[in-house]
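In what follows, a single structure is set out as structure tokens and then discussed.
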Amino acid sequence: MSYDAKSILETAISEEIKASRFYSNLALQMEEKGVRLKFDDMAAIEMNHYELLFSYYQKKYQQRPVVREMGELKIVRPETPSKTASFADAIKVIMDTEFKAYEFYRKAAASATVGKEQEMFTMLARVERSHYEFFRTEYHYTTEATIRFASEDIPWMMEVS
């Protein structure tokens, strides 16, 4: 990636607002309240990324960034789960999306020529990677067929004299 800070920042800002909308839309599709809350939280986190990048851009360039809120995604092109998607189906899409966002920020950090931008992109890469790892674990738990316990490991199975 050649380093064009303005273009990278505009792309990141546009993608973060789309990511927030993506999670909000997923939240609306989920029946379970806990899952909806999880996706609403992710939407808020992505909105925080948007606000951080937006603010940095405005301070650096003394203007509002060009934000492409609609249209083709540049960083990731997530497959939109159907209205009847399971939690596991949604998580597979999220894992791919978060990993691509991590790769984008990792490359941006590696090519950054300004220390502050390198730090910001490194932090965002780390956060996106943690989102990927979190949802990878969720997917594993969601799709794991069995969890094995010995009866002595389950507190309510212990005999009381």
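If the chain linking SER111 and GLU144 were pulled fully straight, counting 0.36 nm for each residue of separation and taking away their Cα-Cα distance, it would gain 7.9 nm. Extending 7 Å from the Cα toward the beta-carbon at both ASP40 and GLN63 defines two label points whose distance is 3.9 nm. The HN-Hα couplings worked out from phi for the stretch 31-36 by the Karplus form 6.51 cos²θ - 1.76 cosθ + 1.60 (θ = phi - 60°) are 7, 7, 4, x, 5, 4 Hz, whole numbers, x standing for Gly and Pro. Annotation: lysines with alpha-carbon distance below 30 angstrom to LYS116 (same-chain offsets under eight excluded): LYS6, LYS18, LYS59, LYS60, LYS74, LYS100, LYS107.
Rule-based calculations on the coordinates, nothing more; no lab input. Because the structure is predicted, anything quoted here is derived from the model rather than measured. Backbone-built Cβ (ideal geometry, glycine too); neighbour counts: all protein chains shown.
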